[in-house]
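Colleague: There's a structure below that I have some questions on.
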Amino acid sequence: MTDRVYPKSTAHPPQPLNGSAGTNSFPATKAQLYGATRPAYRPQPQRRSRSRCCSCCLWFTFVILSILVLAAIASAIFYVLYRPHRPSFAVTSLRISQFNVTATKLTSKLDLSITARNPNKKLVFIYDPTTVSAATSSSDVSVGTGTIPAFVHGTKNTTSFKVLISSTSETLDSSSITALKSDLKSKSLPLKFQLDTKVKVKVGGLKTNKVKIRVTCDGIKATIPAGKSPGKASTENVKCEVDIRVKVWKWTF
């Protein structure tokens, strides 16, 4: 038997595109080629908005500093020209004509003399009505109130006031009654007076806005009336402290 001889195939096997044996690859698509050459997107920082914000802050700071400097210069010029001083107050005399304490109530009548002095040569003070309240220094129990009418305080002027401070059958709590009776045992009642008002300052033809002031007169001792003779203060010509009351939002300083 003769062997059959098959003719050899002359067809060449497919060659890999990338020249490596055993792997098949295809040409890159347009999308792949475009993605390979396109740079990755990176967001750029917004420099313009930051620079504008910084410039606004600098301008705002500059304006605030300029206002403060101008205010300081104006205050210095005003002080040099007018030499402003606060008014002064003093308690010159005190008489207690009535002071009765029961189990629940207090009845009192005090005659208070106060002097107010304006030391300025060019400033005039214009006062609103003033509320005067009296209380004990030791226990801060109210013993009466009074009023000083509105007045104009001229330059280099000293004005005297007589104020009636009274309390008619005012009901007090048990702790206040106990504190008052304890003070009355010594027959010398420590008192303090507080004046609250508003004042304008007049400079030539100009007037400022109203400012709250509080005058505190402390360290006064008075004897309690015995029979028909009224009690008198054992300390006289007591100088008072004057404080300006400035309100910032909900707080008063």
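The values are calculated or read from the model by the stated rules, or taken from the named source; none is laboratory data. All values reported here derive from a predicted model rather than from experimental measurement. Every residue, glycine among them, receives a Cβ derived from its backbone with ideal geometry; neighbour counts consider all protein chains shown. Ligands, DNA and RNA are excluded from the accessible area calculation, which covers all protein heavy atoms including side chains. Shrake-Rupley method; radii C 1.70, N 1.55, O 1.52, S 1.80 Å.
Colleague: Please list, ordered by chain and number, the residues whose modelled amide H lies under 5 Å from the amide H of Ser93; skip anything fewer than 5 residues away on the same chain.
Modeller: Those lying under 5 Å, H to H, from Ser93 are Ser113, Asn237.
Colleague: Let me ask something else about it. By average Cβ neighbour count within 10 Å, what is the ranking of 204-217, 91-104 from highest down? Walk me through the numbers on the way to the answer.
Modeller: Working: 204-217: 13.4, 91-104: 16.6.
With the highest mean Cβ count within 10 Å placed first, the list reads 91-104, 204-217.
Colleague: Okay, next question. Once you've got the Cα coordinates, tell me which of Lys105/Lys239; Lys122/Lys210; Lys181/Lys212; Lys122/Lys192; Lys109/Lys202 are over 28 Å apart. Please list the in-between numbers first.
Modeller: Values: Lys105/Lys239 31 Å; Lys122/Lys210 18 Å; Lys181/Lys212 35 Å; Lys122/Lys192 32 Å; Lys109/Lys202 36 Å.
Table pairs above 28 Å Cα-Cα are Lys105/Lys239; Lys181/Lys212; Lys122/Lys192; Lys109/Lys202.
Colleague: If I take R0 = 41 Å and measure r between the Cβ atoms of Lys212 and Lys181 in this structure, what FRET efficiency does the formula 1/(1 + (r/R0)^6) give, to the nearest 0.05?
Modeller: Numbers: r = 35 Å, r/R0 = 0.86.
The computed FRET efficiency comes out at 0.70.
Colleague: Quantify, in whole percent, the carbon and sulfur part of the accessible surface of the range 84-164 (1.4 Å probe; protein heavy atoms only). Write out the running numbers ahead of the final one.
Modeller: Values: 1920 of 3750 Å².
With neighbouring chains kept in place, the figure for the range 84-164 is 51 percent.
Colleague: What residues have an amide H closer than 5 Å to that of Ile224, excluding those fewer than 5 places away on the same chain, when H is modeled at 1.01 Å from N in the peptide plane?
Modeller: Sorted by chain and number, the residues that satisfy this are Leu189.
Colleague: Let me ask something else about it. For the range 88-244, calculate the relative contact order in percent as a whole number, restricting contacts to Cα pairs under 8 Å that are 6 or more residues apart.
Modeller: On the way: 427 pairs, mean separation 46.7, N = 157.
Here the relative contact order equals 30 percent.
Colleague: Tally Lys and Arg at +1 and Asp and Glu at -1 over the other residues with C-beta under 15 Å from the C-beta of Thr168: what net charge comes out?
Modeller: On the way: positive: Lys105, Lys109; negative: Glu170.
Local net charge: +1.
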